[in-house]
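K.L.:
If you scroll down you'll find the structure; I have some questions about it.
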Amino acid sequence: WRLILFRRKLTVKIGNFEIENQQSEMDNKIGYIFSPELIQACDKVAIVQKRASMVHSLIASYDLHKKMTCISPKQANQHDLRTFHSESYISHLKSADDSTIANAESDLDSDDDDLPEDSAEYGLGFDCPKIKDLQSFVKIIAGGTISAAKLLTSQTYDTVINWCGGWHHAQRDEASGFCYVNDVVLGITELKKKFERVLYIDLDVHHGDGVENAFSFTPTVLTYSVHHLSQGYFPGTGAISSIGCGKGKGFCVNIPLKEGASNGTFVSVFKRTMPRVITNFRPSVVVIQCGADGLAGDPLGAVFNLTDTAYKECLQIVLELKLPTMILGGGGYNKANTARCWTNLTALVTGQKLDVDIPEHDFFEEYGPDFQLRIEAGYRPDKNSKDYIDALVLEVLDKN
């Protein structure tokens, strides 16, 4: 497998741009997880249709792929999925596929009404509607992040980017929040085979509940999440009082922010709390989920007022640790802004300065009317007062 992964030459096309599995022009050992199958799988998710193609096309339009080594990931298998997900959930994914096949053979329309009767118990339907070839989809998504983890455990790469990863809401036996498999948990489980202490950082506007739940009893994985929390806001978890359980008590850090969080607020809490986390936990490896639904104008996150600057400043702090690092995607429902943000983060990782004018490519018209790479903040007021932030930071520091 390793020979196939690292030696096989891969040339594929994204829009007008060819991506080749070649050694990076820079000696910085950056891996970039990419395959046509992975892009197509992510593009199947209804809420973010076409987003993966937009992200990778914009990255390629700036030639950033030439500053990294493109790696075709291996699909996860049943054993991989079982390292976190329950046997009953995995079996149900197969039964959902079987029902799709049966309906197709009888010429019936395929929709959520055709799912097995107990599908709601497993989170299928609602915000996780049926996807064709669901089992294969799950294995492809999981395989991207597991492959990224293996690149780090083999010490072949120092940093690995997988913008198709970061599906942090899926639970052990339930799909949730557009997430059918928790690739983050599976990737961290793989990292634990090599690294003693894993630091997981979640920048998504929604709390990373699936990852926290998976590791809440262990002291070898510290989960750190900056997010919004208010009544009725999904997933309704991530209170500052949630700090882990049993031997894992003190190894969950939650920083809930109020509406309108600005770059200044977001970066401030990160800079004021992360040093204590690093000093006390002493991580061996870092996983950072860069969900972009905190960007101003996101139609689903809809509460923060961030630009890519906030994400870049937090990621820069992580990169300066000089630890093996996995960078994942996540939420982000303004697809053009998400592509802008993750392209800017890719440029940060590869040390490139990008022209603010977006190059012409297949998705160029999606970036109108200004066709600029920058993301502007909106006019939403920041309801995080200085007193609130000071009290929040003090409580986090007291618990760590």
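K.L.:
Which one of A170, A347, A149 has the biggest mean-square fluctuation once the chain is modelled by GNM with Cα springs under 10 Å?
P.N.:
A347
K.L.:
Here is a further query. Roughly how much of Y157 is accessible, in Å² to the nearest 10, using a 1.4 Å probe?
P.N.:
Solvent-accessible area, nearest 10 Å²: 20 Å².
K.L.:
Further question: What shape does the range 283-388 have by the C-alpha gyration tensor, where a ≥ b ≥ c are the square roots of the eigenvalues, rounded means a/c under 1.5, and otherwise prolate means a/b greater than b/c and oblate the rest?
P.N.:
Details: a/c = 1.89, a/b = 1.11, b/c = 1.70.
Oblate, because a/c is 1.5 or more while a/b does not exceed b/c.
K.L.:
Would you kindly derive the ³J(HN,Hα) couplings of the range 48-59 from the backbone phi angles with the Karplus curve 6.51 cos²θ - 1.76 cosθ + 1.60 (θ = phi - 60°), listing them in order in whole Hz, with x for Gly and Pro?
P.N.:
10, 3, 6, 5, 4, 4, 5, 4, 6, 5, 5, 4
K.L.:
How large is ³J(HN,Hα), in whole Hz, for each residue of the range 268-274 in order, when computed from phi with the Karplus curve 6.51 cos²θ - 1.76 cosθ + 1.60 and θ = phi - 60°, using x for Gly and Pro?
P.N.:
Calculated HN-Hα couplings, in order: 4, 5, 5, 5, 7, 10, 4 Hz.
K.L.:
Next question, about the same structure. Are any of the pairs K132/K353; K44/K312; K130/K335 more than 30 Å apart by Cα-Cα distance, and if so, which?
P.N.:
Values: K132/K353 40 Å; K44/K312 28 Å; K130/K335 22 Å.
The answer is K132/K353.
K.L.:
Give me, ordered by chain and number, the residues 5 or more places off G332 or on other chains with an amide H under 5 Å from its own placed amide H.
P.N.:
Residues meeting the criterion, in which the H sits 1.01 Å from N, are A292, D293.
K.L.:
Okay, next question. Rolling a 1.4 angstrom probe over the protein heavy atoms, how many square angstrom per residue are accessible across the chain? Mind showing how you got there, number by number?
P.N.:
Values: 16430 Å² over 400 residues.
On a per-residue basis, 41 Å².
K.L.:
Let me ask something else about it. With springs only between Cα atoms under 10 Å, which of K94, K335, K353 fluctuates most in a Gaussian network model of the chain?
P.N.:
Per the Cα network of the chain with a 10 Å cutoff, K353 tops the list.
K.L.:
Shape verdict for the chain, please, from the Cα gyration tensor: rounded (a/c under 1.5), prolate (a/b greater than b/c) or oblate.
P.N.:
Values: a/c = 1.28, a/b = 1.11, b/c = 1.15.
It is rounded, given that a/c, with a ≥ b ≥ c, falls under 1.5.
K.L.:
For the range 286-327, rounded, prolate or oblate, judged on the Cα gyration tensor with a ≥ b ≥ c (square roots of eigenvalues), a/c < 1.5 rounded, else prolate if a/b > b/c? Spell out each step's value before the answer.
P.N.:
Details: a/c = 4.77, a/b = 2.25, b/c = 2.12.
It is prolate, given that a/c is not under 1.5 and a/b is the larger ratio.
K.L.:
Dipole of the chain (Lys/Arg Cβ +1, Asp/Glu Cβ -1, origin at the Cα centre): which of H361, S95, A60 lies farthest to the positive side?
P.N.:
A60
K.L.:
From the backbone phi of the range 213-229, what are the Karplus-calculated ³J(HN,Hα) couplings (6.51 cos²θ - 1.76 cosθ + 1.60, θ = phi - 60°) in whole Hz, Gly and Pro given as x?
P.N.:
With coefficients 6.51, -1.76 and 1.60, one gets 4, 5, 10, 5, 9, 10, x, 9, 10, 9, 9, 10, 9, 10, 7, 9, 9 Hz.
K.L.:
A further question follows. Just add up the charged neighbours of Y367: K/R +1, D/E -1, any other residue whose Cβ is under 12 Å from the Cβ of Y367. All intermediate terms of the calculation are to be shown ahead of the outcome.
P.N.:
Working: positive: K335, R340, R374; negative: D357, E360, D362, E365, E366, D370.
Its environment carries a net charge of -3.
K.L.:
Please give the contour-minus-distance gain from D133 to K50: 0.36 nm per residue of separation, less the Cα-Cα distance, rounded to one decimal in nm. Show your work: numbers first, answer last.
P.N.:
Details: separation 83, 0.36 × 83 = 29.88 nm, distance 1.78 nm.
Length gained between D133 and K50: 28.1 nm.
K.L.:
Roughly to the nearest percent, how much of the accessible area of the chain is carbon and sulfur, given a 1.4 Å probe? It would help to have the intermediate numbers written out before the result.
P.N.:
Numbers: 7960 of 16430 Å².
Exposed carbon and sulfur together represent 48 percent of the surface.
K.L.:
For F178, what accessible area in Å² do you get when you roll a 1.4 Å probe over the heavy atoms of the protein chains, rounding to the nearest 10?
P.N.:
Rounded to the nearest 10, the figure is 40 Å².
K.L.:
In terms of Cα to Cα distance under 22 Å, which lysines are near enough to K247, apart from those fewer than 8 places away along the same chain?
P.N.:
Counting by Cα, and skipping residues close in sequence, K247 has these lysines nearby: K192, K193, K194, K399.
K.L.:
With labels modelled as points extended 7 Å from the Cα through the Cβ direction, what inter-label distance (nm, one decimal) is found for D355 paired with A377?
P.N.:
Distance between the two pseudo-spin positions: 2.9 nm.
K.L.:
Further question: Please report the antiparallel percentage of the DSSP beta bridges confined to the chain, to the nearest 5. The partial results should precede the final answer.
P.N.:
On the way: 8 of 39 bridges.
Expressed as a percentage, antiparallel bridges in the chain total about 20.
K.L.:
Can you tell me which of G125, G232, G187 moves the most in a GNM of the chain? Springs connect C-alpha atoms under 10 Å apart.
P.N.:
Highest fluctuation of the listed residues: G232.
K.L.:
I would also like to ask the following. Where the centre of each part is set by its Cα atoms, how far does the range 143-157 sit from the range 317-384, in angstrom?
P.N.:
A separation of 24 Å, based on Cα centres.
The values are calculated or read from the model by the stated rules, or taken from the named source; none is laboratory data. Fair warning: this is a prediction, and the values are worked out from it, not measured in the lab. Because the Cβ atoms are built from the backbone with ideal geometry, glycine has one as well, and the counts that use them run over all protein chains shown. Side chains are part of the model used for accessible areas, which takes the heavy atoms of the whole protein and leaves out ligands, DNA and RNA. Shrake-Rupley method; radii C 1.70, N 1.55, O 1.52, S 1.80 Å.
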